[in-house]
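First up is the structure itself, then whatever we jot down about it.
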Amino acid sequence: MKVMVTGGGGFIGSHVVDMLVAAGYRVSVVDDLSTGRFENINPGANFYRVKIEDDDFGRVVERERPDVVIHHAAQVDVVRSLQEPLQDARINVLGAVNLLENCWRYRVGKVIYASSAAVYGDPVYLPVDEAHPVVPQSPYGVSKYTVEHYLRVYQELYGVRFTVLRYANVFGPRQNADGEGGVVAIFIDRLLKDKRVKIFGDGRQTRDFVYVGDVACANLAALERGDSEVLNISTGASLSVIDLFQLLKGLTGSSLEPEYCPPRPGDILHSCLANERAREVLGWSPRSTVEEGLRRTLDYYYNHNLTLRVSN
Ligand SMILES: NC(=O)c1ccc[n+]([C@@H]2O[C@H](COP(=O)([O-])OP(=O)(O)OC[C@H]3O[C@@H](n4cnc5c(N)ncnc54)[C@H](O)[C@@H]3O)[C@@H](O)[C@H]2O)c1
């Protein structure tokens, strides 16, 4: 089977590519390296440095003729989507429409789409399941959700099958500190530089932190299963920001206390996604505990001696 991964030079996409290559799939990667890195791209994949919204993208699909496209390329910064909503929509909405146009033109069988918990907006109950109201609170959330509608329409009109995977807060090796859910990367960066971590609010806000390896597994499961489904990919468990800090403090041996700052307006207090549907439909379940995932993430940064890009 031939699989194309857009955003395969980025944090999550590159893990998906690694797993596909290891499993023997024929893999191509499309990425403009705007936030991704060339070093992330598995040498076993054919790489095209192309923007998904450009005409060149169609030429790549024509050449590669993938059976499945796994779509991770996106503008992923929520704050930037507020500052530059047009640019967010150009990449996330028009880029995805260009992708779908080329998928039906060149007979791609299926698109697996990386959506986000951001589509739900403020939870009205927890854990948030797929039947929860969808009221995105940012242009980023709107753009991610809009594409879910296009996927359904392209399936109905042209028979391009799809699976939507709505991710909780993904963490793991190669994460940039400035993307969505970058809190783990930011904390690690600060701790490894022996700097104090900033916590906004009292630190009791909770998140559902899912390890990137588990997210990659869900994508591979969706190659064969989950047609026409919208599925949360999460742990179904909550961890507070202060508990996350304490875990990382213990793992790094840091003695620094966090610096408490005023809460940021618009920050969601609690977020946790139910994953029963994905377990049932994909036969998938998250395997890594947060602590195991954090250990692997720290090992990566120790081994690579990398300096993360930080925004604060
Ligand atoms: N990280 C999370 O916690 C999280 C949560 C929910 C959903 N997601 C979704 O997962 C996907 C991957 O996110 P990530 O965290 O790995 O971010 P990332 O920034 O590491 O990856 C995005 C990749 O897309 C590439 N890209 C951006 N614009 C492009 C364009 N116009 N054309 C081609 N390539 C382009 C970037 O260079 C990068 O390699 C995104 O679609 C994001 O919305 C991420």
Computed [θ] at 222 nm, deg cm²/dmol, the chain (DSSP H ≥ 4; -39,500 (n - 2.57); rounded to nearest 500): -11500 deg cm²/dmol
Potential extension, Asp194-Asp54 segment - 0.36 nm per residue separation minus Cα distance: 46.1 nm
Gaussian network model of the chain, Cα within-10 Å springs - most flexible of Glu292, Glu130, Glu259: Glu259
Extension gain, Asp243 back to Asp299 (0.36 nm per residue minus Cα-Cα distance, nm): 18.2 nm
Packing rank of 19-32, 150-163, where each peptide gets the mean count of other beta carbons within 10 Å, highest leading: 19-32, 150-163
Length released on extending from Ala131 to Arg279, taking residue separation times 0.36 nm less the Cα-Cα span: 51.7 nm
Positive minus negative residues near Ser240 (Lys, Arg vs Asp, Glu; Cβ under 15 Å): -2
Most mobile of Asp129, Asp77, Asp299 in a GNM of the chain (Cα contacts under 10 Å): Asp299
Most fluctuating residue given options Leu269, Leu256, Leu191, as computed from a GNM of the chain linking Cα atoms under 10 Å: Leu256
Calculated over region 1-83: convex hull of Cα atoms, volume per residue (Å³): 84 Å³
Helix axis angle, 241-252 relative to the chain longest principal axis, alpha carbon, degrees: 80 degrees
Cα-projected label distance for Glu292 with Arg105, points at 7 Å along beta-carbon direction, nm: 4.4 nm
Cα Rg, Dmax, region 161-243, angstrom units: 15.1, 48
Debye, to nearest 20: dipole size of the chain, +1 on Lys, Arg Cβ, -1 on Asp, Glu Cβ: 460 debye
Lys, Arg +1 and Asp, Glu -1 on Cβ, resulting dipole of region 112-194 about Cα centre, debye, nearest 20: 200 debye
Cα-Cα separations in region 155-312 greater than 22 Å, expressed as whole percent: 45 percent
Cα shape, region 24-69, gyration tensor, a/c 1.5 rule: oblate
Of all DSSP beta bridges in the chain, antiparallel share, percent nearest 5: 5 percent
Lysine pair number, Cα distance threshold 19 Å (strictly under), the chain, separation 8 or more or different chains: 6
For Cys261, Cys103, Cys272, order by how many other beta-carbon atoms lie within 10 Å, fewest first: Cys261, Cys272, Cys103
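Taking Cα pairs under 8 Å and at least six residues apart, what relative contact order does the chain come out at, in percent? Don't skip to the end; give the middle numbers.
Numbers: 635 pairs, mean separation 54.2, N = 312.
Value for the chain: 17 percent.
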Rg ratio (alpha-carbon, reference 2.2 N^0.38 Å) - the chain: 0.95
Mean Cα-pair separation over length for region 107-252, i.e. relative contact order, pairs under 8 Å, 6 or more apart, %: 27 percent
Gyration tensor (alpha-carbon) shape descriptor, region 32-137, a/c threshold 1.5: prolate
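We did not get these values from a lab; they are worked out from the coordinates using the rules stated. Everything numeric here is computed off the predicted structure, so don't read it as measured data. Reconstructed Cβ throughout: ideal geometry from the backbone, glycine too, with neighbour counts over all protein chains shown.
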